[in-house]
Amino acid sequence: SWELVVYAPLFSVLLALSVIDLELYILPNRIIYPAILASLVAVPALAVVAAENPRGAILGAAVGGVFYAGGLGLTLIAWELIVRKEGMGAGDVKLAVVLGLWIGFLHPVLVLYSIIAASVIGLVVGLGIFVVRRASRPYPFGPWLALGAVGVIVFSEAILDTIRV
C-alpha cells in the first residue's frame, strides 16, 4: 500500500547494511549512526503527521527501540558470559534501535514478532550453513534482523488483526 512508501528509505538502508554484513561481517557505524539519527527525527514527525494517536505512536517507537536493542544487548552479554565467545556484534544491537523505532511506531507488540522472525530465519540459515560447511563458522545476523523486520512491517496489519490488538 501507499504506507509502505514511507518505509522505502528504511528498506534501502536495510538492503545496503545486509549486503555489507553478508560480505564483510560488519554493520558500519557510518551507516548505522545516521540511520538512528534519521529514525529519531522521522518516526516522531511521521507520528505527528499520520498517526491516529501521535503520542501513542511516539511512545510505541521509544518502547520498541529500547526493547529491541535492550533484548539483543542482554542476549549479547549473556552469550559472551556463558559461552565465552563472541556471538552477535554491537552493530546488530545498534541496528535493533533503528528497527525497534520503526516497528514500535506501528505497535510495540510487533517488535516481539520481528525478534522471533529474525531468530527463526537466522536459525534456519545458520543450520543450513552448518550442514553445507560441516563446521561451525560465524555468519552475520544483520540480514536476518532486516528480513524479519521487513516481513513484520509488510504484514503488520494482518498480524495486528490476527491478535486483535
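Have a look at ILE77, ILE58 and point out the one that is assigned to a helix (DSSP H, G or I) and surrounded by 14 or more Cβ atoms within 10 Å (Cβ to Cβ).
ILE58
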query: Tell me, which residue of the range 80-93 that is in contact (Cβ under 8 Å) with a residue 60 or more places away in the chain and small (Gly, Ala, Ser) is surrounded by the most Cβ atoms within 10 Å (Cβ to Cβ)?
result: GLY91
message: When the residues of the range 124-135 are narrowed to those that are loosely packed, with under 10 Cβ neighbours inside 10 Å and modelled with pLDDT under 85, which ends up nearest to ILE20 (Cα to Cα)?
response: ALA135
message: Which condition from (1) within 9 Å of the chain's Cα centre (by Cα); (2) of a type outside the set (A, V, I, L, M, F, W, C); (3) under 18 Å from TYR25 (Cα atoms) is the one that GLY100 breaks?
response: (3)
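Each row is one residue, and each column tells you yes or no for (1) in a helix (DSSP H, G or I); (2) modelled with pLDDT under 95; (3) in contact with a Leu (Cβ under 6 Å, 6 or more places away or on another chain); (4) surrounded by 14 or more Cβ atoms within 10 Å (Cβ to Cβ).
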{"residue": "LEU4", "(1), (2), (3), (4)": "yes, yes, no, no"}
{"residue": "ASP21", "(1), (2), (3), (4)": "yes, no, yes, yes"}
{"residue": "ALA35", "(1), (2), (3), (4)": "yes, no, no, yes"}
{"residue": "VAL41", "(1), (2), (3), (4)": "yes, no, no, no"}
{"residue": "GLU52", "(1), (2), (3), (4)": "no, yes, no, no"}
{"residue": "VAL63", "(1), (2), (3), (4)": "yes, no, no, yes"}
{"residue": "PHE67", "(1), (2), (3), (4)": "yes, no, no, yes"}
{"residue": "VAL120", "(1), (2), (3), (4)": "yes, no, no, no"}
statement: Scanning the range 140-165 residue by residue, the ones that are under 23 Å from LEU17 (Cα atoms), assigned to a loop (DSSP other than H, G, I, E, B) and touching a residue at least 24 places away in the same chain (Cβ under 8 Å) total 2
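The values are calculated or read from the model by the stated rules, or taken from the named source; none is laboratory data. Keep in mind that this is a model prediction, so the values were computed, not measured. Note that we place each Cβ from the backbone using ideal geometry, even for glycine, and neighbour counts take in every protein chain shown.
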